[in-house]
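Take a look at the structure below.
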Amino acid sequence: MENDNSKAATNLRQRSLLFWLDLSQKKPKTTARLYENTVLQGNFQATDAMETKFRFDNWESPVGIYDHVVIRGTDIRVLEIEHSKGEAASL
């Protein structure tokens, strides 16, 4: 049983890494819904290995547009990632 759990965990981690790698290569337009009903948009660039920080470019916020930002994962309630027909991207 433990071996099956280990294989499942390895498989899930690999799928997660491939998902984030695909997004970092495509750099899709992404909407981030933060707490307190703040909605921001930009192009996804990358996340760190622990998925605790997310980097975006061309970040549109209520107080202005920023070329590059890093947002803490704990500040993000939902990420909405635009993708082309036939491609899958979900969180």
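Points to keep in mind about this one:
- Contour excess over end-to-end distance, with Cα ends at Glu36 and Glu60 and 0.36 nm allotted per residue: 7.0 nm
- Mean separation of Cα contacts under 8 Å, 6 or more apart, over the residue count of the chain: relative contact order %: 23
- Backbone HN-Hα couplings from phi across the stretch 62-73 [Karplus 6.51/-1.76/1.60, Hz, Gly and Pro as x]: x, 9, x, 10, 10, 5, 9, 9, 10, 10, 5, x
- Accessible surface, the chain, averaged per residue in Å² (probe 1.4 Å): 72
- Spin-label model, Ala9/Glu51: points 7 Å from Cα along the beta carbon direction are separated by 1.5 nm.
- Rounded tilt (10° steps) of 2-26 against the dominant C-alpha axis of the chain: 30
- FRET efficiency for Lys29 and Arg72, using Cβ-Cβ distance with R0 set to 22 Å, rounded to 0.05: 0.60
- In this structure, Glu80 and Leu17 have a Cβ-Cβ separation that, at R0 = 22 Å, corresponds to a calculated FRET efficiency of about 0.55.
The values are calculated or read from the model by the stated rules, or taken from the named source; none is laboratory data. What you are looking at is a predicted structure, and each value in this text was computed from that prediction instead of being measured. All Cβ positions, glycine included, derive from the backbone under ideal geometry; neighbour counts span all protein chains shown. We work out accessible area using only protein heavy atoms, side chains counted, and drop any ligands, DNA or RNA first. Shrake-Rupley method; radii C 1.70, N 1.55, O 1.52, S 1.80 Å.
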